[in-house]
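Trainee: Mind looking over this structure? Questions follow.
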Amino acid sequence: MEKDSEQEAIIPIFPLPSTVFYPGTFLPLHIFEPRYREMTADALKGKRKIGMALLKPNWEESYFQRPELFSIGCVGSIEKEILHPDGRYNFTLIGLSRFRIVREVEGKLYRLAEIDLLEEQNEQVIDDTPNVIRDGLIESYREFISLIPESNSLKEEPNWRTLDEKLSQFVDRFAYRLDLSLEQKQTFLEELDVLRRVDFLHSFLKMKIDLVHLSKVRNANPNSARWN
């Protein structure tokens with residue numbers, strides 16, 4: 001997605017309290033509030049783009065007005081939309097790019113904002129040849145899932161050989177399937193350096209691995225004084 005050379009990029013903003021969206025990922029949405037039905041209809045008549053942004057804490061106090069947003073979000077493209085007879089929509093949003101809100105724009109029931117699209121730092125092109133960074137993340141993930149129960153949904157490995165052409169796409173897809181906290185997800189979204197995002201994921205997986213080992217030691221020695 002690129003800015004028009006003669007006009008700033010102005011897109012609808014869909015704020016949610018518990019959803020952080022990444023480029024290259026897929027987000028199914030059900031739209032039922034009147035203002036967001038209008039947002040969807042306008043987007044479908046235009047460039048089919050919607051920006052997802054996380055609401056800041058205490059959003060409940062002013063949800064139907066304009067609660068504060070985090071300024072970094074992800075813009076996506078509407079695909080596979082379904083319009084129901086009562087005006088509700090279902091569609092899938094495909095993540096395109098990180099963005100920063102420059103300013104909000106008045107004029108609609110829903111929120112509009114002028115945005116700057118953000119460039120990835122330390123990007124790499126990846127293909128079918130070995131890539132040390134990508135393969136290192138896969139190894140860390142395999143070490144982690146080797147320790148968790150068979151019933152855990154993370155146990156099933158995804159198809160690592162996707163059509164991703166950039167390291168950032170692989171890294172974002174990788175993070176999207178992990179059980180990061182909401183704060184961690186937003187921090188990850190705001191990090192533009194791909195290699196720092198990789199370091200974060202390695203640290204997160206190491207923490208999870210250490211916790212599994214610690215749990216096994218504790219279960220093997222339930223009466224140990226160390227747990228008092």
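Trainee: Within the range 80-146, report the GluC sites (Glu not before Pro) that DSSP leaves as loop and that have at most 12 other Cβ atoms within 10 Å. Present the calculation step by step, with values, prior to reporting the outcome.
Mentor: On the way: sites: E81, E104, E106, E114, E119, E120, E123, E139, E143; in loops: E106, E119, E120, E123.
Counting only loop positions with at most 12 other Cβ atoms within 10 Å, the GluC sites (Glu not before Pro) in the range 80-146 are E106, E119.
Trainee: Would you mind telling me the share, in percent, of accessible area of the range 81-125 contributed by carbon and sulfur at probe 1.4 angstrom?
Mentor: 49
Trainee: Using Cα pairs under 8 angstrom and six or more residues apart, how large is the relative contact order of the range 59-113, in percent? Spell out each step's value before the answer.
Mentor: Values: 63 pairs, mean separation 15.8, N = 55.
Worked out over the range 59-113, it gives 29 percent.
Trainee: With point charges of +1 on the Cβ of Lys and Arg and -1 on the Cβ of Asp and Glu, referenced to the Cα centre of the chain, which listed residue (I94, L167, I31) lies farthest in the positive direction of the dipole?
Mentor: Of the listed residues, the answer is I31.
Trainee: Further question: Along the charge dipole of the chain, pointing to its positive end and built from +1/-1 on Cβ of Lys, Arg, Asp and Glu, which listed residue (L214, T129, L44) has its Cα farthest out?
Mentor: Of L214, T129, L44, it is L214.
Trainee: What is the sum of charges around L192, taking Lys and Arg as +1, Asp and Glu as -1, for the other residues whose C-beta is under 9 Å from the C-beta of L192? Write out the running numbers ahead of the final one.
Mentor: Working: positive: R98, R196, R197; negative: E119, E120, E190, E191, D193.
Within the 9 Å Cβ shell, the charges total -2.
Trainee: Related question: Any idea what the dipole of the chain comes to, in debye rounded to 20, about its Cα centre with Lys/Arg Cβ at +1 and Asp/Glu Cβ at -1? Can you show the working numbers first?
Mentor: Numbers: 31 positive and 38 negative charges, 147 e Å.
Once rounded to the nearest 20, the dipole reads 700 debye.
Trainee: Next question, about the same structure. Report, in degrees rounded to the nearest 10, the 0 to 90 angle that the Cα long axis of helix 194-220 makes with the longest principal axis of the chain.
Mentor: Once rounded, the angle reads 40 degrees.
Trainee: Given a Förster radius of 22 Å and the C-beta distance between N90 and D42 as r, what FRET efficiency does 1/(1 + (r/R0)^6) yield to the nearest 0.05? The partial results should precede the final answer.
Mentor: Details: r = 17 Å, r/R0 = 0.78.
Here the calculated transfer efficiency is 0.80.
Trainee: Can you tell me the dipole magnitude for the range 11-100 around its Cα centre, using point charges on the Cβ only (Lys, Arg +1; Asp, Glu -1), in Debye to the nearest 20? Mind showing how you got there, number by number?
Mentor: Values: 12 positive and 9 negative charges, 77 e Å.
In total the dipole reaches around 360 debye.
Trainee: With θ taken as phi - 60° and the coefficients 6.51, -1.76 and 1.60, list the Karplus ³J(HN,Hα) couplings across the range 122-129 in order, rounded to whole Hz; mark glycine and proline as x.
Mentor: 6, 5, 9, 8, 10, 8, 7, 7
Trainee: Next question. Given the DSSP H assignment, sum -39500 (n - 2.57) over each helix run of at least 4 residues in the chain and divide by its residue total; what's the result at 222 nm in deg cm²/dmol, nearest 500?
Mentor: Working: 5 runs with 72 residues, N = 228.
So the helix-based figure for the chain works out to -10000 deg cm²/dmol.
Trainee: May I pose another question? Students often get this wrong, so check it: of K47/K166; K49/K208; K47/K155; K80/K108; K80/K166; K56/K155, which have C-alpha atoms separated by over 29 Å?
Mentor: On the way: K47/K166 24 Å; K49/K208 36 Å; K47/K155 38 Å; K80/K108 25 Å; K80/K166 25 Å; K56/K155 32 Å.
Violating the 29 Å limit, Cα to Cα: K49/K208; K47/K155; K56/K155.
The values are calculated or read from the model by the stated rules, or taken from the named source; none is laboratory data. In this text, all values refer to a predicted model and were calculated from it rather than measured experimentally. Counting neighbours? That spans all protein chains shown, and the Cβs are built from the backbone with ideal geometry, glycine included. These accessible areas exclude ligands, DNA and RNA; they are computed on the full protein's heavy atoms, side chains included. Shrake-Rupley method; radii C 1.70, N 1.55, O 1.52, S 1.80 Å.
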